[in-house]
Every structure is written in structure tokens, then in C-alpha cells.
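Engineer: One structure coming up, written as C-alpha cells, with questions to follow.
What follows draws every value from the coordinates through simple rules; no lab data is involved. A quick note: this is a predicted structure, and the numbers were derived from the prediction, not measured. We place every Cβ from the backbone using ideal geometry, glycine too, and count neighbours over all the protein chains shown.
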Amino acid sequence: MTATTLTLAQVEDLATQALTGAGASKVQAAAVARSTRLAERDGIRSHGLMYVPIYAEHLRCGKVLGQAVPQVEQPRAGVVRVDAAHGFAHAAIDAGWAAFTAAIRAQGVAVMALRRSYNCGVLGHHAERLAFEGLVGLCFTHAPASIAPVGGKRPVIGTNPFALAVPDGAGAALLVIDQSASVIAKSEILLHAREGKAINPDWALDSEGRPTTEADAALAGSMRPAGGQKGFGAGLMVEVFAAALAGANLSIDASPFSGPKGGPPGTGQFFMGIDPAAFDATGFAASMMRLAAAITEQEGARLPGARRAANRARIEHAGVQVDAALIDRIKTA
């Protein structure tokens, strides 16, 4: 398979051209292209360029409204609500960001809820964005139903990740936890299906509730929750915040993030920001450094997010290896 090396700027430009060509406004396309660049930069292929043809398909079929203009309101001092208007989540997040961060600094704690949204790319990047501003970020996003309750067969919640990022006091993130309720992200199974590869039998069940190594059978069945009932519980918690509180569709009512069937998924996100300065900022920083050291001083152990950071340093220098066939799909999307 022939591969081409692209710079991160070229990755962003390729995504921008495909999205605007499929009908996205400059604002919508720019936000998603930046997210695509960040995913490729961190080595998260499943949320990078491979998703651009899907975004383009959804723009063309109306599952995402490329000309949407997000509407921001602040009903209370510590609450920002954004109606994404069935556009990309990325642009809606950007639209509410200034009001959200201002509310965090004014109140000490604030939340931003998005409805009538779409998937938001790598959730950890949004939590990390808060950490870059010296804030603690806790983020939730849900997805179309793909996880059945333990003992059941019918999916009820999505892979429903949450992300936590903590500032390091120097303009970066000390750690970033980004994990879904499922054993593996559904996008990884989509990637295996696209490449015709078998999946791990612990990742998913077929439509009859049986373990499967076939990616297509897994997509027709359900994802396995990480840690069994505990993983399902974590996903249910995310559903409460990102769907019910945000005023978005429940996962059981959202159309798929893959394929053209159904209208806009109408999913949601829920972000919480906390300013350590509103508490004991010095004590918090000292405690986090001690906690981090207790992990990193152990041989073979690393902080959550360290692997992404290592990928980031390498890929920023070496560029991104992209299959020529994927580039062709993007250019013709």
C-alpha cells in the first residue's frame, strides 16, 4: 500500500478542502479540520483523516448541516448552552468557548451544554484545551446506541466517553484521561471493517450476543462495556450529562455516526470547567505533582496521556504517513 508523508498543515488543508467542497461553511470546516489535524498529530488515526470522507458524506446527505450557525445563550451565570443547529460539534464548541471560560473564571466553576450536535472528535482535546488555560476540564459526550446493558442484547447507550485534563501550571496539561464506556472506541472497529481486519474477540458481540472477531458482525451487534457492569454504569453517567441534561437526543434515538441513514443524530456534549484559583491553587498544584510523581517514579508506569504526548512530539517532526488510497477518497468525497 503506497503511503505519502504529509505535514500537519497539509493534513488540515486537505480536510478543509474536502469539507468546504461537500458544503460546509468556512467556520464549520475550519473547526473540524483543526480537530482532524490534532488527531493525526497525536497518532489517533480513527479520529483523523479516515473520518473526513464520512463527514463529507454526511454533509451531502444532510445528516450534518454545513451552513449551520450555532446559537449561544447563558441562562445563568455559570451555565452556557449552545444549540449546534445540527452542524458540527466543533464549531458549536468554539462558539460558546469565550462565554464558557469567562464564566469559569468569574464563578470558579461553570458548565457548557451542547444540543442538536454531532460527534466532537477526540474528546480529550477539549478537556486539554481547558488545561492549557490553567483550568481543570471534565468533558462528556455521548453517541448513537451501541452498548447493551450487561445481560441484554439491545444497545441502549453509546460508547459515551468522558475526559479529564489537569493543568501543569506551565500552560500545558499534566495528565489527560480520555476513555470510553466500551472496551475499544467504535471508530476502531469501523477502521478494522474498512481494512478487512479481524477484531479482538473481547471488543464486541454480534446481534445474538455472542463474541465475534468479525468487524461487520460487531457493527450489527453491540460493543462490550469496559469492566462489564462498571463500564455500562460509567456510560450511563455520561448519558445523563451529555444527553439528558444537555437536552439532546438519547443515544437510543440518535441516528448512526456512520452511513447516510437517518437524519441528523442530534447528540450532545456537556463540559465542566473548574478554576483551581477558586480553591487552594497552591495546594492543588503541589498535590497533583506529588500524585504524578508517585506514578512516574515507578518503572514502566506513565501518566494518562503520555503516549499521545510522545506521538505528538514525533509526528510534529516527522509528519503523517497517509495511504494514497485514503487521500484519493478524501479528494473525491
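Engineer: Within 10 Å of each candidate Cβ there may be at most 10 other Cβ atoms; applying that plus a DSSP loop requirement, which trypsin sites (Lys or Arg not before Pro) in region 244-333 survive?
Structural biologist: Qualifying residues, ordered by number: 261.
Engineer: Which of rounded, prolate or oblate describes region 36-116 when judged by the alpha-carbon gyration tensor and an a/c cut-off of 1.5?
Structural biologist: oblate
Engineer: Now for a different question. Within region 188-216, list the residues whose amide N lies under 14 Å from a label point set 7 Å along Cα→Cβ of residue 307.
Structural biologist: 188, by backbone N distance to the label point.
Engineer: Looking at region 65-186, I'd like the Rg to Rh ratio, where Rg is from alpha-carbon atoms and Rh is Kirkwood's inverse mean 1/r.
Structural biologist: Result: Rg/Rh = 1.01.
Engineer: Between region 178-247 and region 21-73, what is the C-alpha centre distance in whole Å?
Structural biologist: Each part reduced to its Cα centre gives a spacing of 23 Å.
Engineer: Ok, one more. Cut-off under 28 Å on the C-alpha distance; same-chain residues fewer than 8 positions from residue 261 excluded. Which lysines are left, in chain and number order?
Structural biologist: Within reach: 26, 63, 153, 186, 197, 331.
Engineer: Now for a different question. Subtract the Cα-Cα distance of residue 245 and residue 210 from 0.36 nm times their separation in residues, and report this length gain in nm to one decimal.
Structural biologist: Stretched out fully, the residue 245 to residue 210 stretch lengthens by 9.3 nm.
Engineer: Something else about it: Given the rule -39500 (n - 2.57) for each run of at least 4 DSSP H residues, summed and divided by the residues of the chain, what is its mean residue ellipticity at 222 nm, to the nearest 500 deg cm²/dmol?
Structural biologist: Computed ellipticity for the chain at 222 nm equals -12500 deg cm²/dmol.
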